Amino acid sequence: MKIAILPGDGIGQEIVEQAVNVLNALGEKFELESAPVGGAGYAAHGHPLPEDTLKLAKEADAILFGAVGDWQYDSLERSLRPEQAILGLRKHLGLFANLRPAILYPELANASTLKPEVVSGLDILIIRELTGDVYFGQPRGVRTAPDGAFKGEREGFDTMRYAEPEIRRIAHVAFQAAQKRDKRLTSVDKANVLETFQFWRDIVTEVHQEYPDVALDHMYIDNAAMQLVRAPKKFDVIVTGNMFGDILSDQAAMLTGSIGMLPSASLDANNKGLYEPSHGSAPDIAGKNIANPLATILSAAMMLRFSLNKAEQADRIDNAVKKVLAQGLRTADIYEAGTTKVGTSEMGAAVVKALG
Ligand code: IPM
Ligand code: MG
């Protein structure tokens, strides 16, 4: 089994290094191959998603991704910015289903900004459509307005669109995920204002007929954002479009107080996937050995579960992470009095040790 290792920028290098150590400690025969991506790709080959990196990602069975982005690349034109690497990988590899679990580990109940009783035991799964919507819709650009109240003025514009098969396939992923959990699915849209999302709602409702064992409800994005902080535990699985999912998944991550703990998976139609922490590249703390590697390590566990058919090894990693938290080990982002503060590499080593 071949795994593409794409550490990227900022803390990407050091957190991926720890996840690789964990993978290597499992006693499996994985072929790991690294390549630069994001700002690192631009620095090495003049493009955030160099040809060889894309080729490696395509031929690998799964991809472990760190994070991309660094201030030094902020002034580049859009097509050369680090973010284009992840957007390009999603599009080129057809990674349309983004799974972002938000789980509150009992040991970290105080890390949330919400009251413990509101979030304790939180376990929700956000499924974000990842290759459509206004993120990729054409046409887009800056032009002279052809009509409307500001005709003749300069305007920026993007296009929100979703094709029926695009909605169907993400709905199937969501219903099937709900079947494996508490069998409740909330589809989040803006059907009261947007044609695209009235259509979304209609199609999700149709697909529901194939999953009578799952309870489906629909919620507008603004209300969903509110309910997510009011009573987050009422949710089980949430499915939504690319843009709303981007926002809601950050919000859900923060409910747990520790975005440094949350993994994610981006899957294609055959469960080949790209696995990355939900957080970004945090260039301000890069190279200081203080970043939390657990989200990346848990992403490696998701990779074993969804793409490599190694559920037992995934369980081993998940359990090892629970164990180090129970031992009181904390990186700076989740540290509180009475626990033991450790660095990135110490945390990674502790997980390796806890694998047993
Ligand atoms: C995410 C990120 C990306 C997105 C950026 C880096 C392009 O925010 O994965 O949520 O908007 O999808
Ligand atoms: Mg985001």
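The values are calculated or read from the model by the stated rules, or taken from the named source; none is laboratory data. Everything numeric in this text was worked out from a predicted model, so none of it was measured. Glycine gets a Cβ as well: all are built from the backbone with ideal geometry, and neighbour counts include every protein chain shown. Just so you know, the surface numbers come from the protein's heavy atoms only, side chains and all, with ligands and any DNA or RNA stripped out. Shrake-Rupley method; radii C 1.70, N 1.55, O 1.52, S 1.80 Å.
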Number of positions in region 135-150 that are open to solvent by 20 Å² or more (accessible area, probe 1.4 Å) and more than 16 Å from ligand 1 (Cβ to nearest atom)
11
Given Leu255, Leu267, Leu228, which one is modelled with pLDDT of 95 or more and within 16 Å of ligand 2 (Cβ to nearest atom)?
Leu228
Can you confirm whether region 151-169 contains a residue that is acidic (Asp, Glu), touching a helix residue (DSSP H, G or I) at 6+ places or on another chain (Cβ under 8 Å), in a helix (DSSP H, G or I) and open to solvent by less than 80 Å² (accessible area, probe 1.4 Å)?
yes
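So that you can scan it fast, the table gives a plain yes or no per residue for (1) within 16 Å of ligand 1 (Cβ to nearest atom); (2) farther than 14 Å from Leu125 by Cα; (3) surrounded by fewer than 17 Cβ atoms within 10 Å (Cβ to Cβ); (4) more than 17 Å from the chain's Cα centre (by Cα):
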{"residue": "Gln179", "(1), (2), (3), (4)": "no, no, yes, yes"}
{"residue": "Lys190", "(1), (2), (3), (4)": "no, yes, no, yes"}
{"residue": "Trp200", "(1), (2), (3), (4)": "no, yes, no, yes"}
{"residue": "Val214", "(1), (2), (3), (4)": "no, yes, no, yes"}
{"residue": "Asn223", "(1), (2), (3), (4)": "no, yes, yes, yes"}
{"residue": "Ala231", "(1), (2), (3), (4)": "no, yes, yes, yes"}
{"residue": "Thr240", "(1), (2), (3), (4)": "yes, no, no, no"}
{"residue": "Gly260", "(1), (2), (3), (4)": "yes, yes, no, no"}
Checking the structure you have, find out if any residue of region 24-47 is surrounded by 14 or more Cβ atoms within 10 Å (Cβ to Cβ) and within 16 Å of ligand 2 (Cβ to nearest atom).
yes
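Tally time: how many residues in region 48-79 are buried (at least 18 other Cβ atoms within 10 Å of the Cβ) and either within 16 Å of ligand 1 (Cβ to nearest atom) or closer than 16 Å to Ile3 by Cβ (or both)?
The qualifying residues number 17.
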Given (1) away from ligand 2 (no atom under 16 Å from the Cβ); (2) at pLDDT below 95, Ile297 misses just (2)
Show the residue pairs that are 6+ apart or on different chains and have beta-carbon atoms under 9 Å apart, the first residue being within region 139-160 and more than 23 Å from Arg78 (Cβ to Cβ), the second being among the polar types (S, T, N, Q).
Lys151/Thr144; Gly152/Thr144
Candidate set: region 266-297, residues that are within 16 Å of ligand 1 (Cβ to nearest atom) and under 22 Å from Lys322 (Cα atoms); chosen: the one nearest to the chain's Cα centre (by Cα)
Ser278
Within 14 Å of ligand 1 (Cβ to nearest atom), open to solvent by 20 Å² or more (accessible area, probe 1.4 Å), in contact with a Lys or Arg (Cβ under 8 Å, 6 or more places away or on another chain) and among the charged types (D, E, K, R) - does that describe any residue in region 83-90?
no
Scan Glu14, Glu59 and give me the residue that is over 27 Å from Gly245 (Cα atoms) and touching a Gly at 6+ places or on another chain (Cβ under 8 Å).
Glu14
I'm checking my understanding of the structure. Among residues of region 121-134 that are outside any strand (DSSP E or B) and not acidic (Asp, Glu), which one is surrounded by the fewest Cβ atoms within 10 Å (Cβ to Cβ)?
Gly121
Unmet requirement for Arg305, which otherwise passes all of (1) farther than 18 Å from Val342 by Cα; (2) touching a residue at least 24 places away in the same chain (Cβ under 8 Å)
(2)
